[in-house]
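Asker: Following this message is one structure expressed as structure tokens.
The values are calculated or read from the model by the stated rules, or taken from the named source; none is laboratory data. Fair warning: this is a prediction, and the values are worked out from it, not measured in the lab. No Cβ is skipped: glycine too gets one built from the backbone with ideal geometry, and neighbour counts run over all protein chains shown.
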Amino acid sequence: MRSIDLNADTGEANTPEWQATEAAVLAWISSANIACGGHAGNDETMRRTVKLAKQYGVNIGAHPAYPDKENFGRKSFTLGDDISKPDLKAAIMSQISRLAEIAAEEGCALTYVKAHGALYNDAVFSTETADLIAFCVARLDQNLILMGAPNSCLTKAAHQAGLKFVAEGFVDRRYTDDGHLQSRRETGAVIEDQAQRTAQALALLAKTPVTTASGQKLTLVTDTLCLHSDSPGAGETAKSIRRAIEKSGGTVKAFTHG
């Protein structure tokens, strides 16, 4: 059985209970996608999450988004109408740069970037958005790794920009038959059952089919597995999945470690 990275979206918590969940998640994962001010987060939350990641030996990644805290970064922006390309470039680069600065101040290094929410989903289908994200990352640091959906526009954009790309699968989200995430607006898009989350994680680990929203079988090739810290039971999910992976003979290992 192979090794695989286990990542989670973090640095988003705005309540003590959610902060406790994020801390519990960080104890079991290998990479943390840290919100850096676009959809959530500020200097205080970034620093707190970086410190926890350092404590647990967790890989640190930036989780930039459309500058839209009102909608938690889950509303698509149309380039040229909702936001200009220069403004979006500036927003993405400032988010990544600020987290990199805080990480450096805490004796850590930023190693990768994963877009959040609607920005992530738009980069699956939009060459323009994918190219813009890849441009920002490459402009800041050519050594940063870009994480995103497999077989997406971002995959191609990363390679064209000379960036290493890491393909991601989700343990707590349902897929469509064509291999994309089911919209959160649709019932069942978020997998709530812990056993089903673990089963999907093990299927992705073994490169065996997962069950789509319509009940079909789909095989995805991924190098990292993601869970959301805002999903109910996220702390237990992280613990259960890590233990299940190790029980199956696999290992949880950050993709930057060989």
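Asker: Pick from VAL190, VAL113, VAL124, VAL171: which is over 20 Å from HIS39 (Cα atoms) and of a type in the set (Val, Ile, Thr)? So that I can check it myself, show each step before the final result.
Answerer: Numbers: VAL190 fails: over 20 Å from HIS39 (Cα atoms); VAL113 fails: over 20 Å from HIS39 (Cα atoms); VAL124 fails: over 20 Å from HIS39 (Cα atoms).
VAL171 is the lone residue from the list that is over 20 Å from HIS39 (Cα atoms) and of a type in the set (Val, Ile, Thr).
Asker: Output the qualifying pairs, or none if there are none: Cβ atoms under 8 angstrom, residues six or more apart or on different chains, first residue in the range 51-74 and at positive phi, second residue outside any loop (DSSP other than H, G, I, E, B).
Answerer: Within 8 Å, the pairs are PHE72/GLY117; GLY73/GLY117; GLY73/ALA118; GLY73/LEU119.
Asker: Related question: What number goes with the only condition from (1) at pLDDT below 95; (2) out of contact with any Gly (no Cβ under 7 Å at 6 or more places or on another chain); (3) on the phi > 0 side of the Ramachandran plot that GLY162 does not pass?
Answerer: Condition not satisfied by GLY162: (1).
Asker: Also: Which one is surrounded by the fewest Cβ atoms within 10 Å (Cβ to Cβ) among residues in the range 192-221 that are in a helix (DSSP H, G or I) and among the hydrophobic types (A, V, I, L, M, F, W, C)? If you could, list the steps in order and put the result at the bottom.
Answerer: Going residue by residue through the range 192-221, those that are in a helix (DSSP H, G or I) are 194-206.
Within this subset, residues satisfying the condition of being among the hydrophobic types (A, V, I, L, M, F, W, C) are 195, 199, 201-206.
Working: ALA195: 10, ALA199: 17, ALA201: 28, LEU202: 20, ALA203: 19, LEU204: 24, LEU205: 24, ALA206: 14.
Among residues in the range 192-221 that are in a helix (DSSP H, G or I) and among the hydrophobic types (A, V, I, L, M, F, W, C), the one surrounded by the fewest Cβ atoms within 10 Å (Cβ to Cβ) is ALA195.
Asker: I'm checking my understanding of the structure. Among residues of the range 161-186 that are under 15 Å from LYS114 (Cα atoms) and of a type outside the set (Gly, Ala, Ser), which one is surrounded by the fewest Cβ atoms within 10 Å (Cβ to Cβ)? It would help to see each step written out before you state the result.
Answerer: Step one: list which residues in the range 161-186 are under 15 Å from LYS114 (Cα atoms), which gives 163-170.
If we keep only those that are of a type outside the set (Gly, Ala, Ser) as well, we get 163-166, 168, 170.
Numbers: LEU163: 22, LYS164: 15, PHE165: 21, VAL166: 23, GLU168: 22, PHE170: 22.
Once the filter is applied, the top-ranked residue is LYS164.
Asker: So which residues in the range 93-114 are assigned to a helix (DSSP H, G or I) and either of a type in the set (Val, Ile, Thr) or free of Cβ contacts under 8 Å to residues at least 60 places away in the same chain (or both), if there are any at all?
Answerer: Within the range 93-114, the subset assigned to a helix (DSSP H, G or I) is 93-105.
Selection gives MET93, SER94, GLN95, ILE96, SER97, ALA100, GLU101, ILE102, ALA103, ALA104, GLU105.
Asker: Quick test for you: out of ALA158, ALA90, ALA189, pick the one residue that is surrounded by fewer than 18 Cβ atoms within 10 Å (Cβ to Cβ), closer than 17 Å to PRO64 by Cα, free of Cβ contacts under 8 Å to residues at least 40 places away in the same chain and not basic (Lys, Arg).
Answerer: Values: ALA158 fails: surrounded by fewer than 18 Cβ atoms within 10 Å (Cβ to Cβ); ALA189 fails: closer than 17 Å to PRO64 by Cα.
Residue meeting the stated conditions: ALA90.
Asker: Would it be correct to say that ALA118 is in a loop (DSSP other than H, G, I, E, B), within 17 Å of the chain's Cα centre (by Cα) and closer than 27 Å to ILE4 by Cα? It would help to see each step written out before you state the result.
Answerer: On the way: in a loop (DSSP other than H, G, I, E, B): no; within 17 Å of the chain's Cα centre (by Cα): yes; closer than 27 Å to ILE4 by Cα: yes.
The answer is no for ALA118.
Asker: May I ask you to list the residues in the range 102-123 that are surrounded by fewer than 20 Cβ atoms within 10 Å (Cβ to Cβ) and either of a type in the set (A, V, I, L, M) or more than 21 Å from GLY57 (Cβ to Cβ) (or both)?
Answerer: ALA104, ALA109
Asker: I want to confirm something. Restricting to the range 223-247 and keeping residues that are among the β-branched types (Val, Ile, Thr) and assigned to a helix (DSSP H, G or I), which single residue is farthest from LYS164 (Cα to Cα)?
Answerer: Within the range 223-247, the subset among the β-branched types (Val, Ile, Thr) is 224, 237, 241, 245.
Restricting the remaining residues to those that are assigned to a helix (DSSP H, G or I) gives 237, 241, 245.
Values: THR237: 28, ILE241: 26, ILE245: 25 Å.
The selected residue is THR237.
Asker: May I ask you to list the residues in the range 1-48 that are of a type in the set (Val, Ile, Thr) and touching a residue at least 40 places away in the same chain (Cβ under 8 Å)?
Answerer: ILE4, THR10, THR21, VAL25, ILE29, ILE34
Asker: Identify, please: which residue in the range 128-154 is within 19 Å of PHE255 (Cα to Cα) and either of a type in the set (Asp, Glu) or more than 17 Å from the chain's Cα centre (by Cα) (or both) and is, among those, surrounded by the most Cβ atoms within 10 Å (Cβ to Cβ)?
Answerer: So, considering only residues that are within 19 Å of PHE255 (Cα to Cα) and either of a type in the set (Asp, Glu) or more than 17 Å from the chain's Cα centre (by Cα) (or both), the one surrounded by the most Cβ atoms within 10 Å (Cβ to Cβ) is ALA138.
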